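First up is the structure itself, then whatever we jot down about it.
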Amino acid sequence: MMIKEEYFADYLPQVIEDYKGNPFIEALPPIMPSAEAAVGALSVKPVYNETEREQELYYRLHSTMRLNRYFQPLYVHLDIEQRVSRCIRQGYVSRNPITPQYVQRFRQIEQCFEPADYRSVRSTAIGFTMIGISGIGKTTAIERVMALYPQCIIHTRYAEKPFYVNQVVWMKLECPYDGSIKGLCLAFFSELDRILQTGYSKSFSATRNTVYTMMDKMSILAHTHGLGLLIVDEVQNLSQAKSGGSGKMLNFFVTLVNTIGVPVILIGTPKALPTLQSEFRQARRGSGQGDLIWDHMKNDDSWEIILRSMWKYQWTRYRSPFTEEMKDAIYEETQGIIDIAVKIYGISQIKAIYGGIEHLTVELIRESAAESMKLVKPMLDALRSGDLKKIMQYEDIRPISIDEYLSLTAYANQNLPTEDMIQSVSLEEQAVSKLIEMDIPAKTARSCVKSVLTNQKAGQPLGIVIRKAFMLTLNLDSQDQQDNSLIEATPDKKDLRSASVAESYTRLKEMGALSDDKDEW
C-alpha cells in the first residue's frame, strides 16, 4: 500500500477512545490490522520476468539495477512500523486542533524559548532512538514505513464546520554535518516549503534572524501545521558540533517533545552514542518506546529470508540454485550488512554476464567482493576478525553489543574482552566527549585519552582521566605551537588551552569534568 504525498482528509471512525473526535488522527490511514498486512504494505518487489534472462547483454546489465529497489521486511521493520504508528497517534492525543487548549499552546511555545524559561504542558508525545551500523538499512526502513503515510493532509471541513488546516503528518531531516541548530532550522523551513509550496525559507533566513528566533518560528510552524512526527537522521553529526552545540540541539529536541508535543525519532550510527548518552534528559525521552539498537545481522533464518526472496532476481542466462554454501559465503563476505549483500549479489551477476560465465558460483561471489568492495574491506575485515581494537577504529560499523558479536565469529572463544576492557572503552568515549566539549580537537582528545588509559591503573574515576588527558593536551600544545600542528586557541572562543591553570580548573569544575571529592584526586 503506497500513499501519495498529499491528499484531502477522509475521516475514519476510531476504535480507541483516545483517538475519537480528533481530526488529525481520524484523517490518518487505518492502523495495520496484522503483521501480514504490514509485510504486504512494506515489501518492494522489483519488476521481473523470466524471459528477461534471454535478452541481450546490455539490456540485462540495466535490469540488475532494479536490485537497488528491493526491500524485504523483517521483524525489525514490523517493529518500526508499529512504533511509528503509536508515535504519530499518541503525539496528537494532547494536540486536538478543535479544542481551546490547542490555541492556548501558542503562547506557551513562545515562552519556551525565552531565556531561562522552559515551561512545558502535559505532552503525550513519545519518540525513540534508532542506532545501527552503516549499511544495515536504517534510513531505508524508516522511509519505507513513512511511505505508508501522506506527508500532507488538507483539511477543509470537520463535523459540519469549516476547518482549514494543512496537516504535515511527518518530516524527515538530516542532522547538519556540523551539528548546528541553525542548519537544522534552515533545513526544516526548506522541507516545509517543499511539502506545502510556501515561502518560509525566505521569511526566516539566517541573515534576518537569530538562532533563537529561528527555533521559535520552527516550533510555531510545527504547531500550526500539526506536525505529527519529526525524524532526524545522521545524528552522529552532533559529535562535530562546536562546544556546547550538541547539548543545545538535544535540549531543542526535548523542548519539541515536551512543549509542542511533537514526537522525535533520532537515527544514527554508534558514533552518536557518547553524545546521546551524555544528556540523561534526552536519553530518557529517546527511550520513550525503548531504544532500537540495530546491529549487523546474524547468519540465521532472517538472513536466509533476505537472500531467498532476493534470489529469484537473476538476469544471467542460467539460473543458479540457492544453497547453504552460497548463503554462508555471502554472509562471510558482507558480515550481515544488508546493503553490501545486495550490492555484491548484483555485482556478481554483472561479472557473470560480462565474463560469459552466465551463472553464479561461490567463487564468483568471493571474487566480486574482493574486487569491488575494496573501500569497505578494512571495516569488514575488522568485523570478521573479532578484534576489539580493530573494530573500535571504525565508529560507523562498531557493533553495539561486543559480547553478542564475538559469539558469532570464529574467534568467539579466543581473546574475549575482559570486564576491565569493556569499562575502559566506555570510559574512553566519555572522556573524549568531554574534551571535545572543551574545544580540544577530536584527534588530539582521543590520542591523549588513550595515552592516559594505557599508562594508568584500571578503575580510575572519569574526572581523573579527563584531568590527566587535559594536562597532556596542554603539554602537546606548547610543544607543537611553533609548527602549528594543533589548532590555535583564540580568546573569543575561550579555549581552555589559552587560559591560566586556575581558569582552566574553574571551567573544568563548571562543566562537571572535575569532582570536589578529594578522594578522587
- Item | The one condition in (1) under 22 Å from the mean Cα position of the chain (by Cα); (2) surrounded by fewer than 12 Cβ atoms within 10 Å (Cβ to Cβ); (3) not aliphatic (A, V, I, L, M) that H77 fails to fulfil | (2)
- Task: Write out, first by first residue and then by second, each pair whose Cβ atoms fall under 7 Å of each other, whose residues are 6+ apart or on separate chains, and whose first residue, in the stretch 50-66, is closer than 16 Å to Y345 by Cβ while the second is open to solvent by 40 Å² or more (accessible area, probe 1.4 Å) and of a type in the set (K, R).
- Result: R53/R317
- Within the stretch 219-232, can one find any residue that is under 23 Å from K271 (Cα atoms), in contact with an Asp or Glu (Cβ under 6 Å, 6 or more places away or on another chain) and at pLDDT 85 or above? no
- Query: Inside the stretch 294-373, counting only helices (runs of 4 or more DSSP H) that do not spill past its ends, which hold 3 or more residues that are within 21 Å of L74 (Cα to Cα)?
  - Reply: 301-311, 324-334, 338-355
- Message: Restricting to the stretch 344-382, and then to whatever is in contact with a helix residue (DSSP H, G or I) (Cβ under 7 Å, 6 or more places away or on another chain) and among the polar types (S, T, N, Q), can you tell me which residue is surrounded by the fewest Cβ atoms within 10 Å (Cβ to Cβ)?
- Response: S372
- Look at the stretch 217-231 and say how many of its residues are assigned to a strand (DSSP E or B) and free of Cβ contacts under 8 Å to residues at least 60 places away in the same chain. 0
- Does M214 meet the test of being at pLDDT below 85, part of a helix (DSSP H, G or I) and open to solvent by less than 30 Å² (accessible area, probe 1.4 Å)? no
- Is one or more of the residues making up the stretch 175-184 over 27 Å from V145 (Cα atoms), touching a Pro at 6+ places or on another chain (Cβ under 9 Å) and basic (K, R)? yes
- Message: Go through the stretch 8-46 and report how many residues are open to solvent by less than 50 Å² (accessible area, probe 1.4 Å) and within 22 Å of V165 (Cβ to Cβ).
- Response: 12
- What helices (runs of 4 or more DSSP H) lie completely within the stretch 1-114 and have 2 or more residues being of a type in the set (K, R), at pLDDT below 90 and within 30 Å of F252 (Cβ to Cβ)? 100-111
- Query: Which members of the stretch 293-308 meet the condition of being under 17 Å from A141 (Cα atoms) and open to solvent by 10 Å² or more (accessible area, probe 1.4 Å)?
  - Reply: I293, W294, D295, H296, M297, S302, I305
- Message: Restricting to the stretch 146-195, and then to whatever is surrounded by 16 or more Cβ atoms within 10 Å (Cβ to Cβ) and in contact with a His (Cβ under 7 Å, 6 or more places away or on another chain), can you tell me which residue is farthest from L74 (Cα to Cα)?
- Response: V165
- Task: Could you tell me whether the stretch 273-289 includes any residue that is at pLDDT 80 or above and either acidic (D, E) or in contact with a helix residue (DSSP H, G or I) (Cβ under 8 Å, 6 or more places away or on another chain) (or both)?
- Result: no
- Message: Which count do you get for residues in the stretch 309-334 that are within 16 Å of A370 (Cβ to Cβ) and either in contact with a Gly (Cβ under 6 Å, 6 or more places away or on another chain) or open to solvent by less than 10 Å² (accessible area, probe 1.4 Å) (or both)?
- Response: 3
- Task: Tell me which of these L192 doesn't satisfy, since it passes every other one: (1) among the aliphatic types (A, V, I, L, M); (2) in contact with a Leu (Cβ under 7 Å, 6 or more places away or on another chain); (3) part of a loop (DSSP other than H, G, I, E, B).
- Result: (3)
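The values are calculated or read from the model by the stated rules, or taken from the named source; none is laboratory data. Just so it is clear, the model here is predicted, and its values are computed rather than measured. Note: ideal-geometry Cβ built from the backbone for every residue, glycine included; neighbour counts use all protein chains shown. Each accessible area value is taken on the protein alone, full model and side chains, heavy atoms only, with ligands, DNA and RNA left out. Shrake-Rupley method; radii C 1.70, N 1.55, O 1.52, S 1.80 Å.
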